[in-house]
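Peer 1: Please see the structure below; I have some questions.
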Amino acid sequence: MTNIICINLFLFLVLISSVQSRFITLHSSDHTDLISDGITDTVEKSTTPSFQLLNRQSYLSEGVCEETYGFLPCTTSLFGNLFLIIIYGGLMFLAARFLSTGSELLLEILGPGIVGGLFLPMLGALPDALLILVSGISGTKEVAQQQVLVGMGLLAGSTVMLLTLLWGSCIVLGKCDIEDSTAIDLKDTKRLSLMGSGVTVDIWTKYASWIMIISVVPFIIVQLPQILHINSGRHLVVLISLIVSVTLLISYCLYQVFQPWIQRRKLAYAKHKHIMSGILRHLDLEDKLMTDDYSPNIDVMKKLFRSLDLNADQTLSVHELRALVIGIRFEEIEFDKEEAVLKVLSDFDTSQDGCVDEAEFVKGILKWLDEAKPHQKIHKFYQHTKKEHDQLMDKSDEVVEGVENPKWISIKAGLLLLLGAAIAAAFADPLVDTVNNFSTATSIPPFFISFIALPLATNSSEAVSALIFASRKKKRTASLTFSEIYGAVTMNNILCLSVFLALVYVRGLSWDFSAEVLVILIVCVVMGLFTSFHTTFPLWTCSVAYVLYPFSLVLVYLLDYVFGWS
């Protein structure tokens, strides 16, 4: 329904842009193009209205406004520009939606890896990148310097909106009861308890938050001349910042490509570590492996070795190790027992002879106890490894089915991606022009208009998706939601900034965005540090995010228009 409305409105605007009308005047005229009554050619002076054709181009040539592409409508009135912002913004939202849907279909067929790591993050940031590009690519250098405020407003507004309004709303919608510092899936009985309800995410989401903090490095580099009060070499610093930004973009994409492999490796290690702690706990229950002063009990280890050596051949074989592993109950942990036995054997069998003698057994247990020593008690070490495993474990609650008719889905995905990219490319320029016209009509700086309005268009698709996932009230969906938010901010900070820096460098524009960059740094660093050391966020944390949004607007206004930073 939304698509039909947007398309109909666009067609209506295109039609009225080429319409001519008759202009009514209340004064006499000597023009020869008056409408004749067919009876007389004599025109008497009177106060009755006379009619004349309105040539629309003659009014535009006077500099009233300029049509984008020569046919899209333009206006100088406040409400007219507001109407056009809504229309063009709706079309950009439509483009973002097509790109998002096409990306998801492509991901179903080709899976993660190159598609999930390279193309999807870039396609998600494409509308923002195009708007930033067209904000300063045309016109004279002076005009471009003024118009890039729209691009900077969008860049700052998208980052701030994602980390404040959207982040806080996801906490509110996704909250569950917190028990033992962990939110319980689908349990929401404490309602609006600021400390008793909240959201828990996995450890991968915390890693995404760290990456987001690293992505602000180019902002810091490009601000160094202003910080150090250096007037020379600013253009070179922009180039250096651009190179760093592109390098971070490539590194992030490679990380996304290899993340599934990294995740499997980390999960395998966490599983082995949990099995190791389970064996230690099992042996410790039979006889204490550590004395009261937490020093290893070698005699007990030798005694346990003899009890495990069922055939009394002074070695533990693969079969005897298998009996040990199978006899231990690991709570809610599924693993390949044969693989676990081989890993235990590889930890203990330093001589590589396929069995474990007493000295190797004692040495292996001592090595395991060294890893457990920071937790003092073996039982605490076991609980820690179980929690670590749970944080890494992909508890998928959705059935993954085979894709039917992959050829048709591939074609559909390709068409959606092309259509979304085409709409975004076509209407980015008129949207930027309309924002500037609206700024002129209202005397509101274009930065604030683009900061508030444009992110609602370009990020609405991501926002709606994130809110839907958060409302499912599960750890897995919450992790996916916040990972997408941090990923979108990271792409803003490297891809969109790369486009912006390239624009500034190629056009030779001056970098006068200290206040705007400071806002991005404050929000990213505060929210990044706030989320990178914890995996559980009580309900009260949403207030921190919500407060940062108006704080950002007020800070830019004070720095630019009170203290004169720009």
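Peer 1: For Asn493, all conditions in the list (1) open to solvent by 10 Å² or more (accessible area, probe 1.4 Å); (2) closer than 18 Å to Phe451 by Cβ hold save one; what is the number of the exception?
Peer 2: (1)
Peer 1: May I ask you to verify whether Arg472 is touching a residue at least 60 places away in the same chain (Cβ under 8 Å) and touching a Lys or Arg at 6+ places or on another chain (Cβ under 7 Å)?
Peer 2: no
Peer 1: Is it the case, given these coordinates, that Asp185 is charged (D, E, K, R), in contact with a helix residue (DSSP H, G or I) (Cβ under 7 Å, 6 or more places away or on another chain) and open to solvent by 40 Å² or more (accessible area, probe 1.4 Å)? Walk me through it before giving the result.
Peer 2: Details: charged (D, E, K, R): yes; in contact with a helix residue (DSSP H, G or I) (Cβ under 7 Å, 6 or more places away or on another chain): yes; open to solvent by 40 Å² or more (accessible area, probe 1.4 Å): yes.
Yes; evaluated as a whole, the condition is true for this residue.
Peer 1: State whether the residues of region 373-382 include one that is at pLDDT below 75, under 29 Å from Leu308 (Cα atoms), open to solvent by less than 50 Å² (accessible area, probe 1.4 Å) and among the basic types (Lys, Arg).
Peer 2: no
Peer 1: If you don't mind, there's one more thing I want to ask. Let me spell it out: the conditions are (1) touching a helix residue (DSSP H, G or I) at 6+ places or on another chain (Cβ under 9 Å); (2) at pLDDT below 90, and Gly198 meets all of them except one. Which number is the exception?
Peer 2: Against the list (1) touching a helix residue (DSSP H, G or I) at 6+ places or on another chain (Cβ under 9 Å); (2) at pLDDT below 90, Gly198 comes up short only on (2).
Peer 1: If Trp565 passes every condition in (1) under 11 Å from Val160 (Cα atoms); (2) open to solvent by 30 Å² or more (accessible area, probe 1.4 Å) but one, which one does it miss?
Peer 2: (1)
Peer 1: State whether the residues of region 256-275 include one that is open to solvent by 30 Å² or more (accessible area, probe 1.4 Å) and assigned to a loop (DSSP other than H, G, I, E, B).
Peer 2: No, region 256-275 contains no residue that is open to solvent by 30 Å² or more (accessible area, probe 1.4 Å) and assigned to a loop (DSSP other than H, G, I, E, B).
Peer 1: Could I ask something else about it? Against the definition (over 33 Å from the mean Cα position of the chain (by Cα), surrounded by 12 or more Cβ atoms within 10 Å (Cβ to Cβ), at pLDDT 85 or above and part of a helix (DSSP H, G or I)), how does Met301 come out, yes or no?
Peer 2: The answer is yes for Met301.
Peer 1: Next up: Identify the residue in region 118-164 that is part of a helix (DSSP H, G or I) and hydroxyl-bearing (Ser, Thr, Tyr) and, among all such residues, is farthest from Leu529 (Cα to Cα).
Peer 2: The qualifying residue farthest from Leu529 (Cα to Cα) is Ser135.
Peer 1: Return the residue satisfying two criteria in turn: it lies in region 146-164 and is β-branched (Val, Ile, Thr) and over 13 Å from the mean Cα position of the chain (by Cα), and of such residues it is farthest from Leu456 (Cα to Cα).
Peer 2: The residue in question is Val148.
Peer 1: So, one more: Which of the residues that make up region 421-464 are part of a helix (DSSP H, G or I), hydrophobic (A, V, I, L, M, F, W, C), more than 19 Å from the chain's Cα centre (by Cα) and closer than 25 Å to Leu555 by Cβ?
Peer 2: Val432, Val435, Phe438, Phe447, Phe448, Ile449
Quick grid of which residues meet (1) surrounded by 16 or more Cβ atoms within 10 Å (Cβ to Cβ); (2) at pLDDT 85 or above; (3) not β-branched (Val, Ile, Thr):
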site	(1), (2), (3)
Leu280	yes, no, yes
Leu289	yes, no, yes
Phe305	yes, yes, yes
Asn311	no, yes, yes
Glu331	no, no, yes
Val344	yes, no, no
Gln352	no, no, yes
Cys355	yes, yes, yes
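Peer 1: Filtering region 430-460 down to residues that are open to solvent by 20 Å² or more (accessible area, probe 1.4 Å) and within 19 Å of Arg97 (Cα to Cα), which residue is modelled with the highest pLDDT?
Peer 2: Ala453
Peer 1: Just a yes or no: is a residue in region 405-417 modelled with pLDDT of 90 or more and under 15 Å from Gly90 (Cα atoms)?
Peer 2: No - not one qualifying residue is present in region 405-417.
Peer 1: Take Tyr207 and tell me if it is free of Cβ contacts under 8 Å to residues at least 40 places away in the same chain and buried (at least 16 other Cβ atoms within 10 Å of the Cβ).
Peer 2: yes
Peer 1: Okay, moving on. For region 82-134, which positions are at pLDDT 90 or above, of a type in the set (Phe, Trp, Tyr) and open to solvent by 40 Å² or more (accessible area, probe 1.4 Å)?
Peer 2: Passing the criteria: only Phe83.
Peer 1: Got a sec? Which of Ile184, Ile230 is farther than 27 Å from Pro538 by Cβ and either without any contact (Cβ under 8 Å) to a residue 40 or more places away in the chain or among the hydroxyl-bearing types (Ser, Thr, Tyr) (or both)?
Peer 2: Working: Ile184 fails: farther than 27 Å from Pro538 by Cβ.
Every option except Ile230 fails the conditions.
Peer 1: Further question on the same structure: Given the structure, is Ala502 closer than 19 Å to Ala125 by Cα, touching a residue at least 40 places away in the same chain (Cβ under 8 Å), touching a Pro at 6+ places or on another chain (Cβ under 9 Å) and in a helix (DSSP H, G or I)?
Peer 2: Criteria not met by Ala502.
Peer 1: Can you name the number of the only condition in (1) modelled with pLDDT of 85 or more; (2) open to solvent by 30 Å² or more (accessible area, probe 1.4 Å) that Leu249 fails?
Peer 2: For Leu249, the failing item is (2).
Matching residues to (1) at pLDDT below 90; (2) within 15 Å of Leu173 (Cβ to Cβ); (3) of a type in the set (Gly, Ala, Ser):
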| residue | (1), (2), (3) |
| --- | --- |
| Lys474 | yes, yes, no |
| Asn493 | no, no, no |
| Leu497 | no, no, no |
| Leu503 | no, no, no |
| Gly508 | no, no, yes |
| Ile520 | no, no, no |
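Peer 1: Look at Gly168 and say whether it is within 19 Å of Val526 (Cα to Cα), under 21 Å from the mean Cα position of the chain (by Cα) and assigned to a helix (DSSP H, G or I).
Peer 2: Numbers: within 19 Å of Val526 (Cα to Cα): yes; under 21 Å from the mean Cα position of the chain (by Cα): yes; assigned to a helix (DSSP H, G or I): yes.
Yes.
Here's the yes/no breakdown for (1) among the charged types (D, E, K, R); (2) touching a residue at least 40 places away in the same chain (Cβ under 8 Å); (3) touching a Leu at 6+ places or on another chain (Cβ under 9 Å):
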| position | (1), (2), (3) |
| --- | --- |
| Ser277 | no, yes, no |
| Leu285 | no, no, no |
| Pro296 | no, yes, yes |
| Met301 | no, yes, yes |
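Peer 1: For Met212, which of the numbered conditions (1) in contact (Cβ under 8 Å) with a residue 24 or more places away in the chain; (2) out of contact with any Lys or Arg (no Cβ under 9 Å at 6 or more places or on another chain); (3) over 22 Å from Arg472 (Cα atoms); (4) open to solvent by 10 Å² or more (accessible area, probe 1.4 Å) fails to hold?
Peer 2: Every condition holds for Met212 apart from (4).
Peer 1: Kindly provide the set of residues from region 515-559 that are in contact (Cβ under 8 Å) with a residue 60 or more places away in the chain, open to solvent by less than 20 Å² (accessible area, probe 1.4 Å) and more than 18 Å from the chain's Cα centre (by Cα), ordered by number.
Peer 2: Listed by number, the residues that qualify are Glu516, Val517, Phe537, Leu539, Thr541, Ser552, Val556.
The values are calculated or read from the model by the stated rules, or taken from the named source; none is laboratory data. None of these values were measured; they are calculated from a predicted model. Positions of Cβ are generated from backbone atoms using ideal geometry, with glycine treated the same way; all protein chains shown enter the neighbour counts. Side chains included, ligands, DNA and RNA excluded: accessible areas come from the protein's heavy atoms. Shrake-Rupley method; radii C 1.70, N 1.55, O 1.52, S 1.80 Å.
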